[in-house]
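These notes are about the structure you will find just below.
The values are calculated or read from the model by the stated rules, or taken from the named source; none is laboratory data. Predicted model only: the values in this text are computed from it and were never measured. For neighbour counting, all protein chains shown are included, and Cβ atoms are generated from backbone atoms with ideal geometry for every residue, glycine included. Just so you know, the surface numbers come from the protein's heavy atoms only, side chains and all, with ligands and any DNA or RNA stripped out. Shrake-Rupley method; radii C 1.70, N 1.55, O 1.52, S 1.80 Å.
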Amino acid sequence: MNEQQLQTLLEQMTLDEKAGQLIQLATPFLKGSSDGGQITGPMEGMGINEKVVENTGSVLGASGAKEIKNIQKVHLEQNRLGIPLLFMSDIVHGYKTIFPVPLAVGCSWDLDLAEKSAEAAAVEASVSGIHVTFAPMVDLSRDPRWGRVMESTGEDAYLNSEFARAFVRGFQGDFENDNQRVASCVKHFAAYGAAEGGRDYNTVDMSEWQLRENYLPAYKAALDEGCEMVMTAFNILNGVPSTGNKDLMRELLRKEWGFNGVLISDWGAVKELIPHGVAEDEKEAARKALEAGVDIEMMTECYINHVQNLVSEGILSESLVDEAVLRILKLKQKLGLFDNPYRGADEKLESELILSDNHRATARELAAKSAVLLKNDGALPLKKSQKAALIGPFAESHDILGPWSWLGSKEDTITLDRGIRSYAKDVQIAEGSGIDSGSSSQIQSALKAAHEADVIVLALGESSDMSGEAGSRTDIRLPESQLDLIQELKHLNKPIVTVLFNGRPLDLHGVIDESNAILEAWYPGTEGGQAVADLLYGTTAPSGKLAMSFPQSAGQIPVYYNHYNTGRPKNAPDAQERYVSQYLDSPNGPLFPFGYGLSYTTYSYSDVSLSSQVLKEGETLTISSKVKNTGDVAGEEVVQLYVKDLSGEVVRPVKELKRFERVYLKPGQEKEISFTIDESDLRYYHSNLEYLSDAGDFKVFIGCDSKANNSASFKLVK
Ligand code: BGC
C-alpha cells in the first residue's frame with residue numbers, strides 16, 4: 001500500500017473503527033488466542049465488547065507463530081476493512097535465549113555484542129510472529145533503590161545513548177526489508193528513572209536544564225538511530241503526567257525532534273491521568289492524552305469509549321484522531337502487514353532458530369563480559385584441583401534470568417552448579433539457604449559442606465521479584481538470612497568467593513569485608529551459570545565495568561560519578577575540616593565508582609598525550625595513552641576517556657565520559673589507544689538552554705574507571 005492508498009483506507013473508516021486502531025489489548029481479549037477470546041466480566045466493565053475487539057489495532061504480549069497466526073487469521077475474518085493487527089511484546093533482553101539484563105549489558109561496554117544480542121532477540125521474536133518490541137528502555141538512573149535500574153544501562157547519558165543506538169540497530173536492522181527483525185519502541189518518555197526516593201511510579205521534578213543535559217539524550221539517540229516508536233512514562237514531569245504532557249510530546253518530541261512515529265501510552269497510563277488528578281474522568285483523560293500526542297492507549301478504555309463523543313461534541317478535532325490512526329497504519333505498512341499479515345511467523349524457523357547454538361554462544365559471551373569483578377585478594381580464579389563448596393540461595397537456582405524474561409524457561413537455563421560442575425567434578429553443594437529465611441538446617445548443611453572444602457563459593461543475591469517494575473527497596477542490602485549465612489561461614493576462616501545475582505547496585509555491608517573475592521554477575525541469563533563458571537575458573541578473565549556506581553549505603557543515594565563540585569568541595573587544598581560538602585558518617589564517594597571493574601591481570605597506562613594543546617573549531621584533537629597488560633594472563637580492558645570543562649557558563653560535572661574502547665591485550669602486550677574529539681563533544685546546555693561550547697580550558701583523563709587521574713590539558717579556541 002502506498003501513502004495514497006492508506007489515505008483512502010482511512011477515509012473508509014468509521015469513527016469507531018478509527019478508535020479501534022488506537023487501543024491495544026492483551027492477548028486474552030482476542031478471539032483465536034489460546035487463552036481467551038471470551039468477553040468476560042472485567043472486559044465488559046471496561047466497555048470492551050465484541051465489536052471493539054474486532055476493530056482493535058494492536059495486541060500486547062502474544063507469542064508463538066501458531067498462536068499469532070491464528071489470532072491474525074480470525075481477526076482478518078472479522079475486521080470489516082481487513083486491517084491486520086500489530087503484535088507488540090516486551091522482548092527486553094531476549095526472547096527465549098535470555099541475555100543478561102540491560103544493566104549488566106551496560107557493564108560490558110561492548111556495543112557490538114549488545115547489538116548482536118538484540119538482533120538474536122529480534123530473530124527469535126519475529127519468527128514467533130512479533131512485530132514490535134517494547135525496548136530499549138533507556139531511562140537514566142542514579143537511584144539503585146528503584147527496581148527498574150536493571151532495565152536500563154545505568155547512570156551516564158553518553159553510555160546510555162551509545163547502548164540505545166546499539167539496541168535499536170540490533171532490533172530493527174533493515175526491518176522494512178527483513179522479516180527477521182522487529183520495530184523498536186524506546187521507553188519510557190520521559191525521565192522515569194528519576195522517580196523521587198527511587199519509589200516506582202513516583203513524582204519527577206527536575207529543571208529543563210538537567211532534563212536536557214542528562215535524561216533526554218538516550219531517547220533522542222534511539223530516535224536518531226531510526227527507532228520507530230516511543231512509549232510514555234508513568235511519572236509526572238514537573239507537575240504534568242508524562243502521558244498527558246503536551247509540552248513534552250507535542251512540542252519537544254514531535255515538533256522539536258521531528259518524531260513522526262507511533263507514540264503509545266504505558267500500560268493503563270491514560271486512565272491514570274484520573275488518579276494523578278489532572279483529569280476528572282475517562283473522557284477528559286482521553287482528550288488530554290490525544291491532545292498530548294499519544295496515539296495508542298495501552299490496556300485501558302478511555303479512547304475507545306470517548307473518542308466518538310469527543311469528536312461529535314466538537315471538543316476534539318477528528319483530524320487529531322486521523323493523524324494518530326494514519327501513523328499506526330503507516331507502521332503496519334512499513335512492516336509489510338498489508339501484504340503479509342503473518343509477517344515472519346514461521347513454526348519451522350522457530351524450531352531452528354530459537355535457542356540456537358549461535359544465540360546461546362552470544363548469551364554466554366555477553367554474560368561473561370557483563371560480570372564485574374568487584375574485589376579479589378587472589379582467591380580467584382579457582383583451581384580445578386581445589387575442593388569447592390557451593391553454597392547459598394543461587395547455587396542451584398534457575399532464578400538468574402531476571403525480570404522481563406517471561407519466555408525464558410527453567411529447563412533451558414544453565415545454573416551455577418551446572419556451570420561449576422563442567423570444571424570441577426567433586427564440588428560439594430550445600431542445600432540452598434532461602435532468600436528470606438535461612439533455616440538452621442540449611443545453615444548446618446552449608447557449614448558442613450564448607451568445612452570439608454578448600455574454598456567457599458557463595459552464591460547470593462536478590463530473587464528476581466526484588467527488582468524490576470514495582471520492585472523498589474529502601475534497604476538495598478542483601479536479605480538478612482544471607483548476611484547471617486556469610487557471618488557463620490566467616491568463622492571457618494576459609495576463603496569466600498561471593499557471586500552476586502541481582503538487579504541493582506547493592507549496599508555491600510556485611511559482604512564486602514567478609515568476602516575474599518566478589519563477582520557481580522547480575523542476572524546473567526540463559527547461559528549465566530556457564531559464563532560465571534568460565535570466569536571463576538579463569539577460562540575468561542573478567543572485564544566488565546560498572547555502568548552504575550555502588551553506593552556505600554542507601555543514605556548516600558543518589559551517588560553518581562558526574563556530579564558537580566559544589567562551592568565547598570571536600571578535597572580542595574584549602575578545604576576546612578567541617579564546613580565542606582560532606583557527610584559526618586560516610587565518605588562522599590561511592591564504594592565502587594562508575595567504570596570500575598577488576599580482572600585477573602592488571603593494566604598500566606602511560607601519560608596522556610595530545611595531538612595539540614589547542615583545539616580549534618572545525619578541527620579535531622587526538623588524545624592517546626599507551627595501555628599495557630602488566631599481568632600474566634590475557635584480558636580485555638575497557639579504556640575510558642573523560643573530559644572536564646574547567647569553567648563554564650553554568651556548572652560542569654567533575655568528569656564526563658566521552659569515549660571508550662574495549663581492547664584485548666596479551667600478557668606484556670602494549671597498545672596505543674587514541675580517541676578523537678572535536679568542538680561538538682564539548683557542547684552543553686547553557687542557562688538559556690542553548691547547546692554550545694565555550695572557549696577555555698579543559699582537562700582530559702584516560703584510565704580504567706571514572707576515578708582516572710591520568711590527565712592532560714588543552715584549550716578550546718573559538
Ligand atoms: C511497563 C512497560 C511495559 C508495559 C507492557 C508496563 O507495566 O512499564 O515497560 O512495556 O508494561 O508490558
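Cβ-Cβ contacts under 7 Å between residues 6 or more apart (or on different chains), taken from a first residue in region 634-658 that is farther than 17 Å from CYS704 by Cβ to a second residue that is of a type in the set (Asp, Glu) and open to solvent by less than 30 Å² (accessible area, probe 1.4 Å), are listed as ARG652/ASP645. Per the conditions (1) touching a strand residue (DSSP E or B) at 6+ places or on another chain (Cβ under 8 Å); (2) within 12 Å of the ligand (Cβ to nearest atom); (3) open to solvent by 10 Å² or more (accessible area, probe 1.4 Å), the sole criterion not satisfied by LEU223 is (2).
From the list ASP632, ASP697, ASP607, the lone residue that is touching a Pro at 6+ places or on another chain (Cβ under 8 Å), outside the structural domain of LEU159 (by TED's automatic domain parsing), loosely packed, with under 14 Cβ neighbours inside 10 Å and more than 18 Å from TYR596 (Cβ to Cβ) is ASP632. Only one of LYS51, LYS66 is more than 16 Å from the ligand (Cβ to nearest atom), in contact (Cβ under 8 Å) with a residue 60 or more places away in the chain and among the charged types (D, E, K, R); which? Only one candidate passes the filter, namely LYS66.
Residues in region 173-182 that are crowded, with 23+ Cβ neighbours inside 10 Å and away from the ligand (no atom under 14 Å from the Cβ): PHE175, ARG181.
Here is a list: GLY258, GLY239, GLY193, GLY198. Which entry is under 27 Å from GLU115 (Cβ atoms), away from the ligand (no atom under 15 Å from the Cβ) and not aromatic (Phe, Trp, Tyr)? When all the criteria are applied, what remains is GLY258.
Between VAL511, VAL559, VAL499, the distinction of being at pLDDT 95 or above and not in a loop (DSSP other than H, G, I, E, B) belongs to VAL499 only.
When LYS375 is tested against (1) in a loop (DSSP other than H, G, I, E, B); (2) over 30 Å from LYS73 (Cα atoms), exactly one condition is not met: (1). Given the criteria more than 30 Å from the chain's Cα centre (by Cα), modelled with pLDDT of 95 or more and closer than 30 Å to GLU352 by Cβ, does LYS73 qualify? Yes: the conditions hold for LYS73. In region 101-124, the residue that is surrounded by the most Cβ atoms within 10 Å (Cβ to Cβ) out of those that are small (Gly, Ala, Ser) and without any contact (Cβ under 8 Å) to a residue 60 or more places away in the chain is ALA118.
Mind checking which pairs have a first residue in region 130-147 that is assigned to a loop (DSSP other than H, G, I, E, B) and a second that is aromatic (Phe, Trp, Tyr) and away from the ligand (no atom under 11 Å from the Cβ), Cβ under 7 Å, 6 or more apart or different chains? The qualifying pairs are ILE130/PHE87; HIS131/PHE87; ALA135/PHE167; ALA135/PHE171; PRO136/PHE167; VAL138/TYR219; LEU140/TYR215; ARG142/TYR560.
Restricting the first member to region 369-396 and to residues that are in contact (Cβ under 8 Å) with a residue 60 or more places away in the chain, and the second to residues that are β-branched (Val, Ile, Thr) and open to solvent by 10 Å² or more (accessible area, probe 1.4 Å), the beta-carbon pairs closer than 7 Å and six or more apart or on different chains are LYS375/ILE512; ALA388/VAL427; LEU390/VAL427; LEU390/ILE429; PRO393/ILE435; ALA395/ILE429.
The set of residues in region 473-496 being surrounded by fewer than 23 Cβ atoms within 10 Å (Cβ to Cβ), part of a loop (DSSP other than H, G, I, E, B) and of a type outside the set (Asp, Glu) consists of ARG473, THR474, ARG477, PRO479, HIS491, LEU492, ASN493, LYS494, PRO495. Among the residues of region 183-210, the ones that are open to solvent by 10 Å² or more (accessible area, probe 1.4 Å) and in a helix (DSSP H, G or I) come to 6 in all.
Within the set GLU151, GLU124, the sole residue that is within 16 Å of the ligand (Cβ to nearest atom), closer than 14 Å to ASP90 by Cα and not polar (S, T, N, Q) turns out to be GLU151.
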